[in-house]
Amino acid sequence: MDTDHRTYDYLCKGALVEGTKPLKVTVSVPRTVTSGQGLQVGWALGDSPFKAPEALAVGAKLSVKASAVIANYWDGTGLLESTGSSTTTAALAKGAALTLPTITAGSYMTSRDGTINAKPSDLVFNLAPAETSSLFNDTIVADPGEGLVRGWFNFGNQWTYAGNRANVEFASGSLKDYQDDIQHATVDNATATVKFTGTGIDILSERDNDMGQVSILLDDATTPVIRDASKKADGTPLGATEPNKLGQEALWSVKGLAYGEHTVKLSKVSGTPGGTYMILDALKVYAESKPELYKAFETKCEAPTDVVVSQIKVVKPSATPSSSNHTTVSPTPRPTTTTTVTVTPSASTSQSPQVIVTPKGGAQTGEMAVEGPSGRVYIWLGVVLVLGGVGAGLVWRRRVKADAGRAG
């Protein structure tokens, strides 16, 4: 099948390139397709202009979707999409080159003869890191600057730092404070702001009976979520008997956010519900391995304006027989191999008893043969009967004549 191969300079822009970078793309389009077969548009990519936007662990996935606009075969237009992906096999530093994936051609199944117009369109790349998480201590009060996940605090004047808490007694089986320190506040409505870059976060705190409710707002939310640090995660109140303190507890968690920078505002609820203390210990920030969360990494490579619109002829299947695994029966006689079998009488080898039937009496008619006297007996009996009949006739005639004489 004849195929046209054309190479274009696509222009790429997005988080995976610096500024705008070219990418050579070779598009392969067939000139004809047989009706009932799939139309495929092939894509081959040149050298990669892409760089890792952040440090990446093993298992990051770079995916691509290539599109061709197809028209003229039915009313309207459609997209013939082809996809591909590649996965990193080694950890990559920020700015390291990313290997481009191989694109597997999509297919459109044709159903009748006609003409299809195919026009190469844009390529869209996206990067989904391997799932990862990192802990950030309460002492981090500015953006760390690098890293796929980052988190930091902003405390006001109402907050106090407390370190050297290694000797604080916690409940049996509980973790201690992360890096043995905390930030705490006792003033009603005391507020701290947390910023993080990722797709999810755990706000780590203590749980104790002298703590209380915390108001939490994520990004642009206006209705706060309330969490009570005087209770266990399942809502059970903590007892008043020491030790009952729980460390590194997730006071509030969220996942499934679009990757990027997010803000969480935390405030101590006023009055008795707020308890005596509000404590912040650390942040656990997540990057989930879900491609749909990483629009921030999306990079589009636009097709040039001079791409060629290819015309593909969809032709009817050829009537000429072709080699296949099917058997065709021809009505025309043709040489065949014949095996002639000659039967020679021989002793029976049957395992069933062999019965030889000898007829008795007349011919075999299917009637059962009956045993009786021999044929000679019947012949002599016939002679006796005939002679007896003759004798009886003579006696009868004499009697008739005698009777006639008396009457005269």
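Values quoted throughout were computed directly from the atomic coordinates according to the rules given, and no laboratory measurement underlies them. Here the structure is a predicted model, which is why all the values come from computation and not from measurement. Using ideal geometry, Cβ is built from the backbone for each residue, glycine included, and neighbour counts are taken over all protein chains shown.
A few remarks follow.
- Cα-based Rg / Dmax (Å) for the range 1-152: 20.1, 71
- Set K65/K290; K61/K119; K13/K295; K24/K300 screened for pairs whose C-alpha atoms are more than 25 Å apart: K61/K119
- Counting beta carbons within 10 Å around each of K290, K61 and listing the fewest first gives the order K290, K61.
- For the range 99-193, applying the loop criterion from DSSP together with a ceiling of 14 other beta carbons within 10 Å to the trypsin sites (Lys or Arg not before Pro) yields R112.
- Summed side-chain charge close to D202 - residues other than D202 whose Cβ falls under 10 Å, Lys, Arg +1, Asp, Glu -1: +1
- R0 of 41 Å, Cβ-Cβ distance E302-D113: FRET efficiency to nearest 0.05: 0.75
- In terms of surrounding Cβ atoms within a 10 Å radius of their Cβ, I201, I216, I279 rank from fewest to most as I216, I279, I201.
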